[in-house]
Amino acid sequence: MTKVFPSRTGHHPPFVAVNRLSLDIRRGEILALVGESGSGKSTTGLLITHLLAVTSGDILYNDHPVSQLTTPSQLRRYRKDVQIVFQDPFSSLNPIHTVGYHLLRPVVVHRIGKTAAERRAYVLNLLDQVGLSPALSFFDKLPHQLSGGQRQRVSIARALASQPQFIVADEPTSMLDVSLRIDILNLLLDFQNTGLTYLYITHDLASAQYVANRIAVLYKGHLVELGSTDEIIHHPGHPYTAELIHAVADATLEAPTPLERSEPGSSDRCVFYARCSRATATCNTTPPSWIENAGHGIACHHPL
């Protein structure tokens, strides 16, 4: 799929946020989508949840094209199955509504439970499941009365309320204190054991290593590497992936300065050309092909 944002003023070329991205997410797994800020990770999550429309290409859910979901009932069913946990739990919760309202709303919309009492009991049970106990003490609270970790637990409970099959977790721990992050990651893992599938979006390879079965590496909207977590962490094939791992190993490492290459080149050259210490003339004129071996795919002319 591709997502292009047109220039607002018309003085700049359109911005390609996601460029011909193609990957599969297997039922029951956690696939981590990693990359630096601006790489297209969050846009990918919004495309998958149908909060943004793709410019070209399509998304298949259980082999059915999402673009063909056109009626309100079809879209409601898709959004029941595919939910999202946003990065900032404060801005994603309406400050004038209580925790109970936030969780009851998807329950009512998706017709879960037959009576108001059943729905209330269902929501209270959800609060207990995400670690907000006693649930009654949280039901009538407003978002500003909760801590950051508690708000994120409410966001996770809201995503779970519709009984989804798939959740996009968009940097769910980046706004939290370090001491709280492991609790949220463990919470996601607990629900994976019930059969949930996740796209876990992050710029932090350390957290991706902790939760993910596979890792996909995105750079400027292009998929540059994909493989099992162990392969990506211990045997990276793309120079950009190696940079990300090196940054985790040395927390004081500054971002590498892009190489000052002034040679003329095609717009179809390797997207990582300007930063890559291994780049050659071929990289400047020819985009790399996707090469896959035993489930480990790399888009690079000179893999590590």
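Summed over the stretch 49-66, the residues that are touching a strand residue (DSSP E or B) at 6+ places or on another chain (Cβ under 8 Å), open to solvent by 20 Å² or more (accessible area, probe 1.4 Å) and of a type in the set (A, V, I, L, M, F, W, C) give a count of 4.
For the stretch 205-236, the set of residues classified as farther than 20 Å from residue 48 by Cβ and either buried (at least 22 other Cβ atoms within 10 Å of the Cβ) or out of contact with any strand residue (DSSP E or B) (no Cβ under 7 Å at 6 or more places or on another chain) (or both) consists of 205, 206, 209, 210, 227, 230, 232, 233, 234, 235, 236, listed by residue number.
Among residues of the stretch 85-104 that are under 21 Å from residue 118 (Cα atoms), those with a beta-carbon under 9 Å from a residue that is open to solvent by 40 Å² or more (accessible area, probe 1.4 Å) and acidic (Asp, Glu) at least six positions away or on a different chain give the pairs 98/140; 99/140; 100/140.
For (1) charged (D, E, K, R); (2) farther than 27 Å from residue 42 by Cα; (3) crowded, with 18+ Cβ neighbours inside 10 Å; (4) modelled with pLDDT under 95, each residue gets a yes or a no:
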| residue | (1), (2), (3), (4) |
| --- | --- |
| 139 | no, yes, yes, no |
| 147 | no, no, no, yes |
| 170 | yes, no, yes, no |
| 183 | yes, no, no, yes |
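Scanning the stretch 272-285 for residues that are open to solvent by 60 Å² or more (accessible area, probe 1.4 Å) and either among the β-branched types (Val, Ile, Thr) or in contact with a helix residue (DSSP H, G or I) (Cβ under 9 Å, 6 or more places away or on another chain) (or both) yields 277, 278, 282, 285.
In the condition set (1) out of contact with any Gly (no Cβ under 8 Å at 6 or more places or on another chain); (2) surrounded by fewer than 23 Cβ atoms within 10 Å (Cβ to Cβ), residue 197 is compliant with all but (1).
Residue by residue through the stretch 56-88, note down the ones that are within 23 Å of residue 175 (Cα to Cα) and not in a strand (DSSP E or B). Correct list: 86, 87, 88. Just one of the listed residues (45, 40, 35) is in contact with a helix residue (DSSP H, G or I) (Cβ under 9 Å, 6 or more places away or on another chain) and either open to solvent by less than 30 Å² (accessible area, probe 1.4 Å) or under 22 Å from residue 125 (Cβ atoms) (or both), and it is 35. Of all the criteria given as (1) within 22 Å of residue 41 (Cα to Cα); (2) open to solvent by less than 50 Å² (accessible area, probe 1.4 Å), the one not satisfied by residue 165 is (2). Quick check: is even one residue across the stretch 80-92 under 17 Å from residue 161 (Cα atoms), of a type in the set (Lys, Arg) and open to solvent by 50 Å² or more (accessible area, probe 1.4 Å)? Checked against the condition, which is being under 17 Å from residue 161 (Cα atoms), of a type in the set (Lys, Arg) and open to solvent by 50 Å² or more (accessible area, probe 1.4 Å), the stretch 80-92 yields no hits at all. Within the stretch 171-220, the set of residues being of a type in the set (Ser, Thr, Tyr), touching a Ser or Thr at 6+ places or on another chain (Cβ under 9 Å) and not in a helix (DSSP H, G or I) comprises 173, 174, 200, 202, 219.
Could we say that residue 179 is over 17 Å from the mean Cα position of the chain (by Cα), at pLDDT below 95, polar (S, T, N, Q) and loosely packed, with under 13 Cβ neighbours inside 10 Å here? When the stated conditions are applied, residue 179 passes them. For the stretch 221-304, the helices (runs of 4 or more DSSP H) that sit wholly inside it and include 3 or more residues that are modelled with pLDDT of 90 or more and under 25 Å from the mean Cα position of the chain (by Cα) are 229-234, 239-249. Residue 155 meets each of the listed conditions (1) out of contact with any His (no Cβ under 9 Å at 6 or more places or on another chain); (2) open to solvent by less than 30 Å² (accessible area, probe 1.4 Å) apart from (1). A Cβ distance below 6 Å, combined with a sequence gap of six or more or placement on separate chains, defines the contacts here; from the stretch 190-218, residues that are closer than 18 Å to residue 236 by Cα reach residues that are surrounded by fewer than 17 Cβ atoms within 10 Å (Cβ to Cβ) and at pLDDT below 90 in the pairs 205/248; 206/248.
Apart from one condition, residue 158 fits all of (1) modelled with pLDDT under 95; (2) assigned to a helix (DSSP H, G or I); (3) not β-branched (Val, Ile, Thr); the exception is (1).
Can you pull out every residue in the stretch 26-55 that is assigned to a helix (DSSP H, G or I) and of a type in the set (Val, Ile, Thr)? Don't jump to the end; show me each part of the working.
Quick first cut of the stretch 26-55, residues assigned to a helix (DSSP H, G or I) only: 41-48.
Those that are assigned to a helix (DSSP H, G or I) and of a type in the set (Val, Ile, Thr): 43, 44, 48.
The values are calculated or read from the model by the stated rules, or taken from the named source; none is laboratory data. Quantities reported herein were computed from a predicted structural model and do not represent experimental measurements. In this analysis, Cβ positions are derived from the backbone assuming ideal geometry, glycine residues included, and neighbour counts consider all displayed protein chains. For accessibility, only protein heavy atoms count, side chains too; no ligands or nucleic acids. Shrake-Rupley method; radii C 1.70, N 1.55, O 1.52, S 1.80 Å.
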